[in-house]
Amino acid sequence: MIEPIPAWDPYARGCPSRDLLDQIGSKWAVLVLGELGRHGASRFTRLRQRLAGVSEKMLTQTLRTLERDGLVRRTVYPEMPVRVEYELTSLGQTLRDPLKALTEWSVQHIEEVLTAREEYDDRAGKR
């Protein structure tokens, strides 16, 4: 029996799921989604503190992209000073387990990957 071709095929040129994979697979998106999944709603400053090395510009860009994709909700509270919090939407919550698995895999296998890189660089004369 021939399997039906899915409506959205990331292996097909022009499929919008490719763009989505690129966005949610970025380092900062994975870390922002993971942080919001672990600790719940968070203010921008707190996110920036927890994500060591992220610039203000990159965090802003990442949050806007995730909000546009419906994965993160931005809530502005009418207080003085204004308080803004970010949290996962129900759609964003569906990414918690897959991203947690990916993050755990990277931690469990980083030594093997670093060894493989070192061996490759030695063979390629990059060291």
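See the values below:
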item	result
Nitroxide proxy distance, nm - points 7 Å out along Cα→Cβ at Trp8 and Gln23	1.0
Nearest-20 debye value, the chain charge dipole, Cβ charges on Lys, Arg, Asp, Glu	580
Gyration tensor over alpha-carbon atoms, the stretch 1-60, equivalent ellipsoid semi-axes in Å	34, 13, 8
Environment charge of Leu21, counting only residues whose C-beta is closer than 15 Å and scoring Lys/Arg +1, Asp/Glu -1	-1
P(r) of the chain over all Cα-Cα pairs, binned every 5 Å from zero, in whole percent	2, 9, 15, 17, 16, 13, 11, 8, 5, 2, 1, 1, 0
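Where a number appears in this text, it was derived from the coordinates with a stated rule and is not lab data. Since we're looking at a predicted model, the values are computed, not measured. Using ideal geometry, Cβ is built from the backbone for each residue, glycine included, and neighbour counts are taken over all protein chains shown.
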